[in-house]
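Everything on this sheet refers to the single structure shown next.
The values are calculated or read from the model by the stated rules, or taken from the named source; none is laboratory data. Please read these numbers as outputs of a predicted model, since none were measured by experiment. Positions of Cβ are generated from backbone atoms using ideal geometry, with glycine treated the same way; all protein chains shown enter the neighbour counts.
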């Protein structure tokens, strides 16, 4: 594997872990939310993020690398925190939305950092840019919801 491809694989694997963390977070949020609208939105987002992770994994395979397959320890801990906070708040949707927004802040930041990486091959950069647009839109929607609840 060329050095530039190895670097791209490393960046993509980092994004895959973050995306899988997001999947877990959205699944937990769907379980914790009281509002059926939020439950549905979170479940749909989990599926969208699973699809994004598969696309990134396929790109890693195309580059000759081994894609990450699971959540990071930090992501699992965050998901558990969502559950704990929701339980302590009696499954208060505001608390769940707050935690989802925090997760969205994190994933958005990770994808934006990847876009600033000038060593990514053009094809990888294009995939990351498309994913980043979707993530930003998701982030902005959760942020709007949060502000309507507070």
Taking the condition of being crowded, with 17+ Cβ neighbours inside 10 Å and part of a helix (DSSP H, G or I), how many residues in segment 15-47 meet it?
23
Identify, by number, the condition in (1) under 18 Å from residue 134 (Cα atoms); (2) buried (at least 23 other Cβ atoms within 10 Å of the Cβ); (3) at pLDDT 95 or above that residue 8 doesn't meet.
(1)
From (1) touching a helix residue (DSSP H, G or I) at 6+ places or on another chain (Cβ under 7 Å); (2) farther than 18 Å from residue 138 by Cα, pick out the condition that doesn't hold for residue 31.
(1)
